[in-house]
Amino acid sequence: METLVAPRPATLSRLGAIDCDVHPDAPRRADLMPYLDDYWREMVTSRDVDLLELTSYPTRTPPFNRPDWQAGEGKGVDKLRRNLLDPFGLRCAVLNCVTGVHAIYDPYLAAALCCATNDWLATEWLDRDPRLRASLVVPLQNPQAAVEEIERRAGDKRFVQVLALAMGEMPLGRRFYWPIYEAAERHGFALGIHAGSTYRHAPSQSGFPSHLVEDHVHQSQGFAAQVVSLVAEGVLVKFPNMKVVLIESGVSWLPGLMWRMSKDWRGARIEIPWVKEPPAALIRKQIRMTAQPFDAPLDPAELERIIEHLDADDMLLFATDYPHRHFDGDAALPAGFPERLLDRFVGENALSTYPRLEVLP
Ligand code: ZN
């Protein structure tokens, strides 16, 4: 019988985990002003561009954040160090800055704000703690500028992946985005797809829902559509060295999608001859998932079954999704997570997912 570990804080700090999803609050206009040139400072002021938050992702809404992040003044590196990096004993943490720049229609403004956001991340966060890493914020609306941003940051290995949202303008498999993947793969970036929508389309397949809770549940539809698109359009075949990380996606919906797509592919693969192996095999090779929130049953035996259904010990990446509230205290390890997989889960899988990630042993 497999030994199962309880999610004790002492266990976590002993493990020296790599946290693959941590969120700084989205920067405001005032935060980005020092990183914009004269033209864009004038533009964002005269056009009154400020609230850079996505409505599906209200980082400043108290109920969505842990009380220890909300409490007191300042939400910078000192607080992150005090509340997360030190008490959780993290070896390093990847910052995902999910902001409204993804949803801006003006592709030139989006490019300028992405560049400023990355400068802000480097200066205000990465420079201030050697354990911090970040996802590169790029203008998916403007692939040429996105490629330029990837080239500009390629020398800074603290940026380990390129960030996209689960629900954008087009499915991420479309060739419009391939120049971004070509540059990302060439420089060893993973493609991170985080929960969130640009609201070009309704979050549900039947139209706009009324409540935020519906939006959150529908996020898994967005992730599913992206996985199907990346497989069918041939992105996973064309860019075999670029891992795709589904961030804050939940995990329990994926095994069913893998079975269904592999079955339908058998009957219809003449249409997509570049997909030469069952989609489930491609997904196991190249898709990774962060494990907070972990939407599995509380029963450890059932959790083990979901991991069996994924049938890939290297697919799950440890994450706290701090400061979001998914667990109490520092019980970030899913209850009953199999001990045989712990080393891979908290560190080895992240190191093989992010070729740019350099951490101390
Ligand atoms: Zn997250």
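The values are calculated or read from the model by the stated rules, or taken from the named source; none is laboratory data. All of these numbers come straight from a predicted model, not from anything done at the bench. All Cβ positions, even for glycine, are placed from backbone atoms using ideal geometry, and neighbour counts span all protein chains on display. Ligands, DNA and RNA are excluded from the accessible area calculation, which covers all protein heavy atoms including side chains. Shrake-Rupley method; radii C 1.70, N 1.55, O 1.52, S 1.80 Å.
Observations
- Filter pass, residue 249 being within 30 Å of residue 336 (Cα to Cα), out of contact with any Cys (no Cβ under 8 Å at 6 or more places or on another chain) and within 16 Å of the ligand (Cβ to nearest atom): yes
- One residue alone among 288, 260 is assigned to a strand (DSSP E or B) and either of a type in the set (D, E, K, R) or within 16 Å of the ligand (Cβ to nearest atom) (or both), and that residue is 288.
- Just so you know, in the stretch 263-280 the residues that are part of a helix (DSSP H, G or I) and touching a residue at least 12 places away in the same chain (Cβ under 8 Å) include one that is farthest from the ligand (Cβ to nearest atom), and it is 266.
Here's the yes/no breakdown for (1) in contact with a strand residue (DSSP E or B) (Cβ under 8 Å, 6 or more places away or on another chain); (2) at pLDDT 95 or above; (3) under 21 Å from residue 349 (Cα atoms):
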position	(1), (2), (3)
213	no, no, no
223	yes, yes, yes
229	no, yes, no
239	no, yes, yes
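- Residue match in the stretch 227-243 (condition: among the hydroxyl-bearing types (Ser, Thr, Tyr) and outside any helix (DSSP H, G or I)): no
- Annotation: of all residues in the stretch 309-325 being open to solvent by 10 Å² or more (accessible area, probe 1.4 Å) and among the acidic types (Asp, Glu), the one that is nearest to the ligand (Cβ to nearest atom) is 314.
- Among residues of the stretch 99-123 that are of a type in the set (Asp, Glu), those with a Cβ under 6 angstrom from a residue that is surrounded by fewer than 24 Cβ atoms within 10 Å (Cβ to Cβ), sequence gap 6+ or separate chain, pair up as 119/35.
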